[in-house]
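A.B. asks: This is the structure I want to talk about, given as structure tokens.
The values are calculated or read from the model by the stated rules, or taken from the named source; none is laboratory data. Bear in mind that the values here come from a model prediction, so they are computed numbers and not experimental data. Positions of Cβ are backbone-derived with ideal geometry, glycine not excepted, and every protein chain shown enters the neighbour counts. The accessibility values were calculated without ligands, DNA or RNA, using every heavy atom of the protein model including side chains. Shrake-Rupley method; radii C 1.70, N 1.55, O 1.52, S 1.80 Å.
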Amino acid sequence: MPRGPVSLVVTDLDGTLWHTEEEIAPSVVAAMAELERRGVPLLIATGRRLASTRRPLARVGLRPPAVVLNGALGVDLATGDRFHRAPFDAADAVTVHDRFVELGLQPVVHVDHPEVDAFLGPEPSTNPAHARALLAAHSATGDLAAVVADLPVLGFSLIGVEHRTCVAARDATATTAETHLDRSLDYPGLATLTVAPHGQSKWDGVRAFCAARGLDPARVLALGDGSNDLELLDGAAVALVPAVAHPAALERADHVIPSAADAGWVAVLDHV
């Protein structure tokens, strides 16, 4: 249990705050407003990139601070100010990209750039619908080898692809990077792989946020459902996990809450 009142609520998005980004329950939005009324800060912690984190939250009038790309970048969505930035070591980024190339894959390459969130190769290996969505907002096509060599790389991903493809890429990159393989919520029956700097997690961004805001990291309440939330749930004083979640996340739950499809996030108000 936290030593005193909860200092910060940290939440994952997909499968936790919402079932899909088009279905953010009004009761969940009201619960977030109630947290603010009670004076409890809220931090988003997601594997999503910056633009795809900002957009659905903005639709319901929210601009909280966020840790994106599984801990690579921390940004105040209201101001654009960075409170955390942890890109790949340059040599490791090149190695990870090379491992994808050896498998004949062109991953999404996520960068910290003033105009572009991510780059895709000429024949992206991510789901075609995902590629189209990326190119419609804050992403571009480029020579991935040159991008990796010239820009700070925050992560790599394949979204909505065959499970065996993600497994092959995970196994090829796991010695150099931190990998997370999960079911794809947006593309049922398919899988999602994210590749981050080795040892990195969402909890790194949480600690950076606490340091920047003078908050006690020993009094954090966290909500998450995926394999990329395990370090976050381990670090938190109180861990809330939706009933429909990765088994390893459920093992870490102090409290199991209703699923995101049932607006279970509102249960956070019972624990702050």
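A.B. asks: Just to be sure I understand the filter: pairs with C-beta atoms under 6 Å, separated by 6 or more residues or on different chains, first member in region 84-109 and farther than 14 Å from residue 152 by Cβ, second member open to solvent by 70 Å² or more (accessible area, probe 1.4 Å) and modelled with pLDDT of 95 or more. Which pairs pass?
C.D. replies: So the pair list comes out as 106/123.
A.B. asks: Then there's this: Which condition breaks for residue 157 when tested against (1) outside any strand (DSSP E or B); (2) under 28 Å from residue 64 (Cα atoms); (3) of a type in the set (S, T, N, Q)?
C.D. replies: (1)
A.B. asks: Of all the residues that make up region 49-74, how many are touching a strand residue (DSSP E or B) at 6+ places or on another chain (Cβ under 6 Å) and either among the charged types (D, E, K, R) or closer than 19 Å to residue 86 by Cα (or both)?
C.D. replies: Summing the residues that are touching a strand residue (DSSP E or B) at 6+ places or on another chain (Cβ under 6 Å) and either among the charged types (D, E, K, R) or closer than 19 Å to residue 86 by Cα (or both) in region 49-74 gives 11.
A.B. asks: All but one of (1) farther than 20 Å from residue 8 by Cα; (2) assigned to a strand (DSSP E or B) hold for residue 185, so report the exception by its number.
C.D. replies: Residue 185 satisfies all of (1) farther than 20 Å from residue 8 by Cα; (2) assigned to a strand (DSSP E or B) except (2).
A.B. asks: Condition first: open to solvent by 10 Å² or more (accessible area, probe 1.4 Å) and in contact (Cβ under 8 Å) with a residue 24 or more places away in the chain. Now tell me which residues in region 33-51 satisfy that.
C.D. replies: Once the filter is applied, which keeps residues that are open to solvent by 10 Å² or more (accessible area, probe 1.4 Å) and in contact (Cβ under 8 Å) with a residue 24 or more places away in the chain, region 33-51 yields 34, 38, 40, 41, 42, 47, 48, 49, 50.
A.B. asks: Could you say whether any residue in region 191-203 is under 12 Å from residue 10 (Cα atoms) and not small (Gly, Ala, Ser)?
C.D. replies: yes
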